[in-house]
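Here is the structure we will look at, set down as structure tokens.
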Amino acid sequence: MMDDVNPLEVDIKRLIDTMGELKVDLAAPDLPKWHWKVMERSKEHCKARFTHYSDMLFTVFTQRAWACWQQQIDVDRNPLGWGMDATFHFTCKMRMAIMDEHLAKHLDLSEKDVVAEETRSYDNNQAHAQLAQWLDRKATQYNVSYGISDIEKNYMDYVKKIANFPTQCVQ
């Protein structure tokens with residue numbers, strides 16, 4: 001869990017039990033008012049939603065999923081880890097879900113009267129460059145196309161595509 005996430009309504013035992021029941025490898029609570037709409041609670045009142053993307057702010061992994069996540073880490077080419085969340089489903093072939101019965105909140109930086117860019121401990125341009133290298137490597141390694149052109153290697157555009165894939169609601 002990131003240090004700027006508040007698990008408002010998360011029953012971790014119930015979340016893990018639901019993961020087992022639904023055979024989910026990676027789960028995250030929903031995040032209200034988040035910029036990736038896939039992370040927000042569904043209007044369908046789902047127990048969970050199967051997805052291809054989860055922002056890694058508060059994430060629960062099975063042991064198998066965690067082992068695959070660790071194998072994806074490449075501190076030489078991508079020390080900031082940008083893009084790992086967007087390629088995880090495709091490279092690790094794991095079942096992922098947003099658990100709508102659970103709620104977490106990401107710290108709203110505006111509440112602290114600071115600008116998000118000023119609080120980052122890394123260079124945003126460097127993160128984007130690492131992301132482009134990461135996606136190139138993953139596409140080559142797994143012989144897949146992530147649906148982005150050389151011109152469009154922009155994290156926000158790419159994640160919008162993945163995060164906007166349809167989700168499957170489980171009641």
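Here are the numbers for this structure:
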read-out: Meets criteria (hydroxyl-bearing (Ser, Thr, Tyr), within 22 Å of GLN63 (Cβ to Cβ), touching a Cys at 6+ places or on another chain (Cβ under 8 Å) and at pLDDT 75 or above) for THR87; value: no
read-out: Pair list, Cβ under 9 Å, 6 or more apart: region 64-84 residue on the phi > 0 side of the Ramachandran plot, other residue in a loop (DSSP other than H, G, I, E, B); value: GLY81/MET56; GLY81/ILE73; GLY81/ASP74; GLY81/VAL75
read-out: In region 122-171, the residues that are at pLDDT 75 or above and either polar (S, T, N, Q) or loosely packed, with under 10 Cβ neighbours inside 10 Å (or both); value: ASN124, ASN125, GLN126, GLN130, GLN133, ASN164, THR167, GLN168, GLN171
read-out: Region 84-105, subset buried (at least 19 other Cβ atoms within 10 Å of the Cβ) and of a type in the set (Asp, Glu), residue nearest to the chain's Cα centre (by Cα); value: ASP85
read-out: Selection count where residues are acidic (Asp, Glu), under 24 Å from MET84 (Cβ atoms) and touching a residue at least 12 places away in the same chain (Cβ under 8 Å), scope region 29-55; value: 2
read-out: Odd one out for ALA48, checked against (1) at pLDDT 90 or above; (2) under 30 Å from GLN133 (Cβ atoms); (3) of a type in the set (Gly, Ala, Ser); value: (2)
read-out: Residue match in region 77-89 (condition: of a type outside the set (Gly, Ala, Ser), in a helix (DSSP H, G or I) and touching a helix residue (DSSP H, G or I) at 6+ places or on another chain (Cβ under 6 Å)); value: yes
read-out: Meets criteria (among the hydroxyl-bearing types (Ser, Thr, Tyr), buried (at least 17 other Cβ atoms within 10 Å of the Cβ), out of contact with any Leu (no Cβ under 9 Å at 6 or more places or on another chain) and farther than 16 Å from ASP17 by Cα) for THR51; value: yes
read-out: Long-range neighbours under 6 Å by Cβ, at least six apart or interchain, first residue modelled with pLDDT of 95 or more within region 5-28, second of a type in the set (D, E, K, R); value: VAL24/ARG95; ASP25/ARG95
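The values are calculated or read from the model by the stated rules, or taken from the named source; none is laboratory data. Fair warning: this is a prediction, and the values are worked out from it, not measured in the lab. Heads up, the Cβs are rebuilt from the backbone with ideal geometry, glycines too, and the neighbour counts pull from every protein chain shown.
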